[in-house]
1. Only one of 19, 58 is at pLDDT 95 or above and either surrounded by fewer than 15 Cβ atoms within 10 Å (Cβ to Cβ) or of a type in the set (D, E, K, R) (or both); which?
2. Whether any residue in the stretch 62-82 is charged (D, E, K, R), surrounded by 12 or more Cβ atoms within 10 Å (Cβ to Cβ), within 14 Å of the chain's Cα centre (by Cα) and not in a helix (DSSP H, G or I) is what I want to check.
3. Residue check: is residue 20 of a type outside the set (Asp, Glu), farther than 30 Å from residue 65 by Cβ and without any contact (Cβ under 8 Å) to a residue 12 or more places away in the chain?
4. Check off (1) exposed (fewer than 10 other Cβ atoms within 10 Å of the Cβ); (2) assigned to a helix (DSSP H, G or I); (3) not charged (D, E, K, R) for residue 5 and give me the number that stays unchecked.
5. Of the residues that sit in the stretch 26-44 and are β-branched (Val, Ile, Thr) and in contact (Cβ under 8 Å) with a residue 24 or more places away in the chain, which one is surrounded by the fewest Cβ atoms within 10 Å (Cβ to Cβ)?
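The values are calculated or read from the model by the stated rules, or taken from the named source; none is laboratory data. Because the structure is a prediction, the values reported are computed rather than measured. Reconstructed Cβ throughout: ideal geometry from the backbone, glycine too, with neighbour counts over all protein chains shown.
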Amino acid sequence: MKDLLCEENCVHENIVEKVKEKLPDENLIYDLAELFKVFGDSTRTKILSCLEVSPLCVCDICECLNMNKSAISHQLRILRQAKLVKARKSGKEVIYSLDDEHVSKIFECGISHLLEGKK
């Protein structure tokens, strides 16, 4: 495959200016990159997949993923810090769920994108 680089050195000033005006600020870009890093771990993605189906306690997540409480708790802490999951106390149990519908949409969009060419 040939290089996919321009053979000319030209800048389309009007287009570049429009794009620069629409770019989010650096802090927001940094935060977005950090958010996507959280999705970069398959265990965290599996947990999100479980919680996409139903709110669950740690024991249920452990059973679904065949993992120990320590490993799941560590990943849940990261997911909570990223505001991807929330926890509520129910008696002696802590029930985890996706933080809001945005998390579900991010997850669904990713899966939809991956399945796009496989149909």
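1. Numbers: 58 fails: either surrounded by fewer than 15 Cβ atoms within 10 Å (Cβ to Cβ) or of a type in the set (D, E, K, R) (or both).
Criteria check complete, one pass: 19.
2. For the stretch 62-82, residues charged (D, E, K, R), surrounded by 12 or more Cβ atoms within 10 Å (Cβ to Cβ), within 14 Å of the chain's Cα centre (by Cα) and not in a helix (DSSP H, G or I): absent.
3. On the way: of a type outside the set (Asp, Glu): yes; farther than 30 Å from residue 65 by Cβ: yes; without any contact (Cβ under 8 Å) to a residue 12 or more places away in the chain: yes.
It is true that residue 20 is of a type outside the set (Asp, Glu), farther than 30 Å from residue 65 by Cβ and without any contact (Cβ under 8 Å) to a residue 12 or more places away in the chain.
4. Result: residue 5 passes all but (2).
5. As a first pass, look at the stretch 26-44 and keep what is β-branched (Val, Ile, Thr): 29, 38, 43.
Now restrict to residues that are in contact (Cβ under 8 Å) with a residue 24 or more places away in the chain: 38, 43.
Numbers: 38: 17, 43: 14.
By that ranking, first place goes to 43.
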